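Since every read-out is calculated from the coordinates, none of them should be taken as a lab result. Remember, it's a predicted structure, so these values are computed and weren't measured experimentally. Ideal geometry is used to build each Cβ from the backbone, glycine not excepted, and the neighbour counts take in all protein chains shown.
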Amino acid sequence: MTEKTNSKITIRLMADWETGPFWVAVGGGVAHPYGVEEITDVVPVDVGLLERVQVWDSRFQATYDDANPRDAGFATTEEQATFNAEGRELARQLREALPADIDVEYGPFGENGYEVIEASR
């Protein structure tokens, strides 16, 4: 009897300083970071969507204070909420753009856990 290898791909959109914003796990394994310029090595993603993700991630990266990392982040809870809402929308767009057999998750900044993004099809 031959064992079937679990090669299910999960892509998580999640901001993190100096890495990501895409995190890819295969077969339920550990997720590894991929930059905007690298994710197309794993899955095909529209250039326009990648540009929007790059702008979103760049806004996040700009909040990092190398001199004082503990103070890094958004100045207000409203800015953080807006950023998270924009990221959630980008994750929805990613979900719609990818084949149904690829799982998509979103990791809101400053919150615990991940949200599974369901297809609207």
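Pairwise Cα distances in the chain exceed 21 Å in 38 percent of cases.
Estimated at 0.36 nm per residue, the fully extended path between residue 55 and residue 37 surpasses their Cα-Cα distance by 5.2 nm.
Here r is the Cβ-Cβ distance between residue 102 and residue 16 and R0 is 30 Å; the resulting FRET efficiency, rounded to 0.05, is 0.90. Annotation: for a label point projected 7 angstrom from Cα along Cα→Cβ of residue 119, residues of segment 72-97 with backbone N closer than 15 Å are 92-97. Over the chain, dividing the summed -39,500 (n - 2.57) contributions of all DSSP H runs of at least 4 residues by the number of residues returns a 222 nm mean residue ellipticity of -10000 deg cm²/dmol.
List the chymotrypsin sites (Phe, Trp or Tyr not before Pro) within segment 12-81 that DSSP assigns to loop and that have no more than 15 neighbouring Cβ atoms inside 10 Å.
17, 64
The loop-placed trypsin sites (Lys or Arg not before Pro) in segment 1-107, going by DSSP, that have at most 10 neighbouring Cβ atoms within 10 Å of their Cβ come out as 4.
Taking Cα atoms, how many degrees apart are the long axis of helix 77-97 and the longest axis of the chain, rounded to 10 and kept between 0 and 90? Helix 77-97 and the main axis of the chain meet at about 20 degrees. Restricting the GluC sites (Glu not before Pro) of segment 81-121 to loop positions (DSSP other than H, G, I, E, B) with no more than 15 neighbouring Cβ atoms within 10 Å leaves 111, 118.
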